[in-house]
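**Q** I have a structure here, written as structure tokens, and I will follow up with some questions on it.
The values are calculated or read from the model by the stated rules, or taken from the named source; none is laboratory data. None of these values were measured; they are calculated from a predicted model. Neighbour counts run over all protein chains shown; Cβ positions are idealised from the backbone, glycine included.
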Amino acid sequence: MFPRRCSRSYVSKSYLASFHGSWTCPAWKHIWKAWAPPRLKFFLWLAFQDRCWTAQRLERHGLQHHLRCLLCDQAPESMHHLLVECPFSRQIWHEALAWLRMTCRIPGPEDGSLIEWLAQVKRETQKPLRKGLGSAALLIPWMIWKHRNGCVFDRLPPSGSNLLAAIKDEACL
């Protein structure tokens, strides 16, 4: 028979043992604590883990893919390129952050990942603006991804003005 009460230390050690071999994500707080709809958080969580179906991932799996980024036509498409390095996306970041009156710099190749950039600029941003910056840092990549999918699946041409209008509409909601 089982004892009536388990010792507290046994339960806590068992709980901790269930996580043996797992890894913690340093970006979880920036993603899951942000002021944003769950779909944006989930997308960025997948993007951070490189689980979105970009051309780079399709190639790794031996699937048909386009050779260059459909937004800039300058480099192979990866999630990092699409959200941080792509000239089209960098222009969108610049215009969207300017519209939101955020004085921080836009993410760039020198920042490493998007989450590293967000952690750095959050430290540099005044406290009342941090929540808004965190929300914008989830909204802009989500809208870039949706625009990219429109280019891939609906064969729409990349349009910075349409994307910026969509970002503004979504931000107002």
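**Q** Got a number for residues in the stretch 102-111 being crowded, with 16+ Cβ neighbours inside 10 Å and part of a helix (DSSP H, G or I)?
**A** Matching residues across the stretch 102-111 total 1.
**Q** With respect to the numbered conditions (1) more than 22 Å from residue 156 (Cβ to Cβ); (2) more than 15 Å from the chain's Cα centre (by Cα); (3) modelled with pLDDT of 85 or more; (4) not in a loop (DSSP other than H, G, I, E, B), which one is the sole condition not fulfilled by residue 117?
**A** (2)
**Q** Here is a follow-up. Please go through the stretch 153-167 and pick out each residue that is assigned to a helix (DSSP H, G or I) and loosely packed, with under 15 Cβ neighbours inside 10 Å.
**A** Scanning the stretch 153-167 gives 153, 160, 161, 162, 165.
**Q** So, one more: Having 2 or more residues that are aliphatic (A, V, I, L, M), modelled with pLDDT of 75 or more and within 20 Å of residue 135 (Cα to Cα) is the bar; report the helices (runs of 4 or more DSSP H) wholly within the stretch 1-101 that clear it.
**A** Counting at least 2 such residues, we get 38-48, 87-99.
**Q** A further question follows. Does residue 150 meet the test of being free of Cβ contacts under 8 Å to residues at least 40 places away in the same chain, on the phi > 0 side of the Ramachandran plot and surrounded by 13 or more Cβ atoms within 10 Å (Cβ to Cβ)?
**A** no
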